[in-house]
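Inspection log for the structure reproduced underneath, given as structure tokens.
No lab work stands behind these numbers, since they all come straight from the coordinates. Model, not experiment: these values are computed from the prediction. Neighbour counts run over all protein chains shown; Cβ positions are idealised from the backbone, glycine included.
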Amino acid sequence: MSVDRLERVNSLLKRVIGESMFRVLQGDDVNPGKVTVTDVACAKNLRNATVKVSVFGEPAEQTRVLGHIIRRTHEFERIVNAQVRLKFTPQLRFVIDHSLEKGDRVLALLDGLDVPTTEPPPAPAEA
């Protein structure tokens with residue numbers, strides 16, 4: 001399978017799963033607005049896909065929300081089956097993506113740096 005096709009499938013799955021997040025989690029005591037689908041990595045044979053989600057909140061809240069999402073995996077797979085035409089519907093595996101948190105931490109560190117605002121000293125004159 002070409003890499004371009006796999007990227008298009010990943011992008012399509014990301015969009016479909018992201019759009020269905022509100023519908024699937026609507027009845028739970030989870031705020032779907034705190035969940036973002038950041039990436040989907042489908043296997044080359046299209047049988048399995050890892051879905052990375054970012055959850056806004058403390059680690060305990062993230063674990064709780066991920067548990068709700070994992071319990072609803074079959075509903076996400078059913079929606080993917082109905083909206084995406086593939087030979088096989090991939091089995092979805094949801095994991096927490098911490099890359100956004102790491103990016104925020106790096107930006108906070110950069111904001112905290114004390115950068116001198118004065119100009120550098122002039123170069124010494126040649127004798």
Next on the checklist: What does the C-alpha gyration tensor say about the overall shape of the chain? Classify as rounded when a/c is under 1.5, otherwise prolate if a/b is larger than b/c, or oblate.
Outcome noted: oblate
Item to check | Rel. contact order, % - alpha carbon contacts under 8 angstrom, at least six apart, the stretch 3-97 | outcome: 32
Checklist outcome for this item: Per the 1/(1 + (r/R0)^6) rule, R0 = 25 Å and r from the Cβ atoms of Asp29 and Arg78, FRET efficiency to 0.05 is 0.70
Item to check | Those residues of the stretch 1-38 whose amide nitrogen sits under 18 Å from the label point placed on His68, 7 Å along Cα→Cβ | outcome: 17-38
Item to check | Charge dipole magnitude, Cβ of K and R +1, D and E -1 - the chain, Cα centre, debye nearest 20 | outcome: 1280
Item to check | Partners for Lys52 among lysines (Cα-Cα distance below 18 Å; same-chain residues under 8 apart left out) | outcome: Lys14, Lys34, Lys44, Lys102
Checklist entry - Taking only DSSP H segments of four or more residues, each worth -39500 (n - 2.57), what value at 222 nm results for the chain once the sum is divided by all its residues, to the nearest 500 deg cm²/dmol? => result -16000 deg cm²/dmol
Next on the checklist: Give me the one-decimal nm value for the distance between modelled label points at Ser11 and Phe56, 7 Å along each residue's Cα-to-Cβ direction.
Outcome noted: 2.6
